[in-house]
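*Asks:* Below you will find the structure I want to go over with you.
The values are calculated or read from the model by the stated rules, or taken from the named source; none is laboratory data. All figures in this text were calculated on a predicted structure; none of them were measured in a lab. As a convention, Cβ positions derive from the backbone with ideal geometry for all residues, glycine included, and neighbour counts pool all protein chains shown. Ligands, DNA and RNA are excluded from the accessible area calculation, which covers all protein heavy atoms including side chains. Shrake-Rupley method; radii C 1.70, N 1.55, O 1.52, S 1.80 Å.
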Amino acid sequence: MAIREKQENQNSQHGGQASNAGVGEKGSVPETAVSVIRLVDSLILNAYEARASDIHIDPAEHNIIARFRIDGVLHDSFNFKKELQSEIITRIKIISGMRTDEHQAAQDGRFKLQVKEGEFVDVRVSVAPTYYGENCVMRLLSGKSQGFTLDRLGFSPSNLEKIKKAMKKPYGMILATGPTGSGKTTTLYSILGQLNTRDVSIITIEDPIEYSIEGIDQVQVHSRTGLTFAEGLRFILRQDPNIIMVGEIRDNETASIAVNAAMTGHQLLSTLHTNDAATTLPRLLDMGVEPFLIASTINVAIGQRLVRKLCDECRAERTLKPEEIESLRGTVPDSFLQNLPDLSVGLGCNKCGKTGFLGRVGIHEVLEISEETRSLIMKRADASVIRDAAIKAGMIPMLEDGLDKVKQGITTIEEVLRVFHE
């Protein structure tokens, strides 16, 4: 396992501190520094092999706890002595290109680590001062395309049909909505994978570029040079693209340029942080986009969450007790509780780390823009009115999609309710 040479060259700029952390010839490095280098490398490798998306290094009064986020849930993984805190954080700062003499300000950085022969993981790092000293959160991003396809993301046949119908349109917007970590970017990558043919030009502007996709020009946002989403989108429009992906619509300027791009013959994909598909439309209104532009450019809005999938090795059936069914009334539709079959549960085994879950799947709602929806947008109707109209027109709400996956034995009712409560 080795940090890339480019990163080592950057680290050498930190002078003596870098050499104390183990950059350079092994013979000149103190044994304790070598141990910290190995510890940090091993920590990341363990997280990678455990399928973790994030590593949290949390300082406490007498120790440091390392937690891995696996399938969206944090697990206590390692416990370190308090004396190692400064050395671990310093090592991570050095390989991330951060200042090692700054302890009172939040810092961001990134580095690449080789985890296998020819395979690297891209690590985004955030360090912040806390009551018990500096903490650290590392996001692990594989440098290779994961080969996602829409068929494998958990879309129901009817939702999949709506998305594929929108993908066939030569212009307009496809928006994926939901909170952080709900799989929005993966959905857009999967759509791009199917649209990616040699007769079209696809350009993305992302922060960060999570996976590299062959045949697509991917541009990284760089705030220090002024390359924001809005500026990047302006630049992309001069590159003669057919399809554009904007990592996120964060502000009024980006929203305005994105909508105008979709109006002028481009197919545009992007994400928004909203609670559900219907809230997307009023959110764009709040950003100052004119109602007629929203009504005429959006093809579909996809609302989504990620739930953990039951482990196939230790899945078992159980019957809900009458008091359990009664406690669910008012929380889930009565139609779900009628003639309820036995539901699945994960008992926990070595394969799933005793959790009963292995991997995640999406639960979705896909809002098509119908004539009635367009009329409501023009009237600046609120999200609840738009949502009711969409359900009446055939949209399956996200909760019902999740409960359908419960009946199929893919996940549990507790898991579906957990992601909604979060």
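*Asks:* Report whether or not I89 is touching a helix residue (DSSP H, G or I) at 6+ places or on another chain (Cβ under 8 Å), open to solvent by less than 20 Å² (accessible area, probe 1.4 Å), part of a helix (DSSP H, G or I) and farther than 30 Å from I391 by Cα.
*Replies:* No: the conditions fail for I89.
*Asks:* From I209, I191, grab the single residue that is of a type in the set (A, V, I, L, M), at pLDDT below 95 and on the phi < 0 side of the Ramachandran plot. Walk me through it before giving the result.
*Replies:* Details: I191 fails: at pLDDT below 95.
Matching residue, one of I209, I191: I209.
*Asks:* Look through G303, G394, G402, G362 and report the one residue that is within 25 Å of L281 (Cβ to Cβ), small (G, A, S) and either touching a His at 6+ places or on another chain (Cβ under 6 Å) or assigned to a helix (DSSP H, G or I) (or both).
*Replies:* Numbers: G303 fails: either touching a His at 6+ places or on another chain (Cβ under 6 Å) or assigned to a helix (DSSP H, G or I) (or both); G394 fails: either touching a His at 6+ places or on another chain (Cβ under 6 Å) or assigned to a helix (DSSP H, G or I) (or both); G362 fails: either touching a His at 6+ places or on another chain (Cβ under 6 Å) or assigned to a helix (DSSP H, G or I) (or both).
G402 is the lone residue from the list that is within 25 Å of L281 (Cβ to Cβ), small (G, A, S) and either touching a His at 6+ places or on another chain (Cβ under 6 Å) or assigned to a helix (DSSP H, G or I) (or both).
*Asks:* A follow-up question, please. Among the residues of the range 70-80, what is the count of those that are among the aromatic types (F, W, Y) and open to solvent by 40 Å² or more (accessible area, probe 1.4 Å)? Quick ask: steps written out before the conclusion?
*Replies:* Taking the range 70-80 and keeping what is among the aromatic types (F, W, Y), we get 78, 80.
The next check asks that each one be open to solvent by 40 Å² or more (accessible area, probe 1.4 Å); those that pass are 78.
Total meeting the criteria: 1.
*Asks:* Test each condition in (1) closer than 30 Å to T297 by Cβ; (2) modelled with pLDDT of 95 or more; (3) buried (at least 17 other Cβ atoms within 10 Å of the Cβ) for K164 and report the one that comes out false.
*Replies:* K164 satisfies all of (1) closer than 30 Å to T297 by Cβ; (2) modelled with pLDDT of 95 or more; (3) buried (at least 17 other Cβ atoms within 10 Å of the Cβ) except (3).
*Asks:* Additional query: Looking at the range 50-67, which of the residues that are outside any strand (DSSP E or B) and open to solvent by less than 40 Å² (accessible area, probe 1.4 Å) is farthest from I89 (Cα to Cα)? Give the steps one after another, and end with the answer.
*Replies:* Let us first name the residues in the range 50-67 that are outside any strand (DSSP E or B), namely 50-51, 60-62.
Add one more test, that the residue is open to solvent by less than 40 Å² (accessible area, probe 1.4 Å), and what stays is 50, 60.
On the way: A50: 22, A60: 14 Å.
The extreme case among them is A50.
*Asks:* Of E102, E83, which residue is part of a loop (DSSP other than H, G, I, E, B), open to solvent by 10 Å² or more (accessible area, probe 1.4 Å) and outside the structural domain of G356 (by the TED database)?
*Replies:* Details: E83 fails: part of a loop (DSSP other than H, G, I, E, B).
Answer to the selection: E102.
*Asks:* Take the range 203-220 and flag every residue that is of a type in the set (A, V, I, L, M) and either within 15 Å of F148 (Cβ to Cβ) or open to solvent by 20 Å² or more (accessible area, probe 1.4 Å) (or both).
*Replies:* Keep residues of the range 203-220 that are of a type in the set (A, V, I, L, M), which gives 203, 205, 209, 213, 216, 219.
Those that are of a type in the set (A, V, I, L, M) and either within 15 Å of F148 (Cβ to Cβ) or open to solvent by 20 Å² or more (accessible area, probe 1.4 Å) (or both): I209, I213, I216, V219.
*Asks:* Go through the range 320-349 and count every residue that is part of a loop (DSSP other than H, G, I, E, B) and either in contact (Cβ under 8 Å) with a residue 12 or more places away in the chain or outside the structural domain of L310 (by the TED database) (or both). Give the steps one after another, and end with the answer.
*Replies:* So the first thing to find is which residues in the range 320-349 are part of a loop (DSSP other than H, G, I, E, B), and the list is 320-321, 330-331, 333, 338-342, 347-349.
Cutting the leftovers down to either in contact (Cβ under 8 Å) with a residue 12 or more places away in the chain or outside the structural domain of L310 (by the TED database) (or both) gives us 320, 331, 333, 340-342, 347-349.
So the count comes out to 9.
*Asks:* Only one of R198, R110 is surrounded by fewer than 19 Cβ atoms within 10 Å (Cβ to Cβ), outside the structural domain of L367 (by the TED database) and at pLDDT below 95; which? Break it down stepwise before answering.
*Replies:* Numbers: R198 fails: outside the structural domain of L367 (by the TED database).
Exactly one residue qualifies, and that residue is R110.
*Asks:* Going residue by residue through the range 346-355, is there one that turns out to be in contact with a helix residue (DSSP H, G or I) (Cβ under 9 Å, 6 or more places away or on another chain) and open to solvent by less than 30 Å² (accessible area, probe 1.4 Å)?
*Replies:* Taking the range 346-355 first, the residues in contact with a helix residue (DSSP H, G or I) (Cβ under 9 Å, 6 or more places away or on another chain) are none.
Taking every residue of the range 346-355 in turn, none turns out to be in contact with a helix residue (DSSP H, G or I) (Cβ under 9 Å, 6 or more places away or on another chain) and open to solvent by less than 30 Å² (accessible area, probe 1.4 Å).
*Asks:* Regarding S28, is this residue farther than 23 Å from G183 by Cβ, modelled with pLDDT of 90 or more and outside the structural domain of C352 (by the TED database)?
*Replies:* Values: farther than 23 Å from G183 by Cβ: yes; modelled with pLDDT of 90 or more: no; outside the structural domain of C352 (by the TED database): yes.
Judged against the criteria, S28 is not a match.
*Asks:* Still on this structure, please answer the following. Restricting to the range 216-233, give me the number of residues that are touching a strand residue (DSSP E or B) at 6+ places or on another chain (Cβ under 9 Å) and among the hydroxyl-bearing types (S, T, Y).
*Replies:* Qualifying residue count, the range 216-233: 1.
*Asks:* Just to be sure, is D312 in contact with a helix residue (DSSP H, G or I) (Cβ under 9 Å, 6 or more places away or on another chain), open to solvent by 10 Å² or more (accessible area, probe 1.4 Å), under 29 Å from R152 (Cβ atoms) and among the acidic types (D, E)?
*Replies:* Numbers: in contact with a helix residue (DSSP H, G or I) (Cβ under 9 Å, 6 or more places away or on another chain): no; open to solvent by 10 Å² or more (accessible area, probe 1.4 Å): yes; under 29 Å from R152 (Cβ atoms): yes; among the acidic types (D, E): yes.
So D312 fails the test.
*Asks:* Please find, within the range 391-418, the residue that is nearest to the chain's Cα centre (by Cα) out of those that are open to solvent by 10 Å² or more (accessible area, probe 1.4 Å) and over 20 Å from D334 (Cβ atoms).
*Replies:* It comes out as R418.
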